[in-house]
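Please treat every number below as a calculation from the coordinates, not as lab data. From a predicted model like this one, the values you see are computed outputs, not experimental measurements. Note that each Cβ is placed from the backbone with ideal geometry, even for glycine, and that neighbours are counted across all protein chains shown.
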């Protein structure tokens, strides 16, 4: 419960920072919020991943996605041919349609998500039957 509250607070701070004017204090708030979202929960999942991706995707092994049509992070990470570069390109350029997938990721967000997803690669991974 405590990690959920931390994640919720960090997400709220990030949203508030995005609405502020472009002065120096806004940049400080945004970088502080981003740093909070890079912190991890008790499972080692960055708060950003939970806040941005977790409403659709299962972000930890052996869990089901909240949206059945959304692949799990382990399933994505272990797709044949997936590399850090291909995943980065996808999250930057293609994860924007349909509108539900357009989550407005910054380059820093993409790098954090990619780092986490690549950490889920496992040569012994087996896709769960659907």
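Computed from label points 7 Å out along Cα-Cβ, the spacing between residue 85 and residue 125 is 1.9 nm. Length gained on full extension, residue 76 to residue 115, computed as 0.36 nm times the residue gap minus the Cα-Cα distance: 12.7 nm. Each peptide in 58-66, 106-114 gets a packing score, the mean of other Cβ atoms within 10 Å over its residues, and the list from highest to lowest is 106-114, 58-66.
The length gained by stretching the chain between residue 42 and residue 55 to full extension, at 0.36 nm per residue less their Cα-Cα distance, is 2.9 nm. With 0.36 nm allotted per residue and the present C-alpha distance subtracted, the residue 103-residue 63 stretch has 12.2 nm of extension available.
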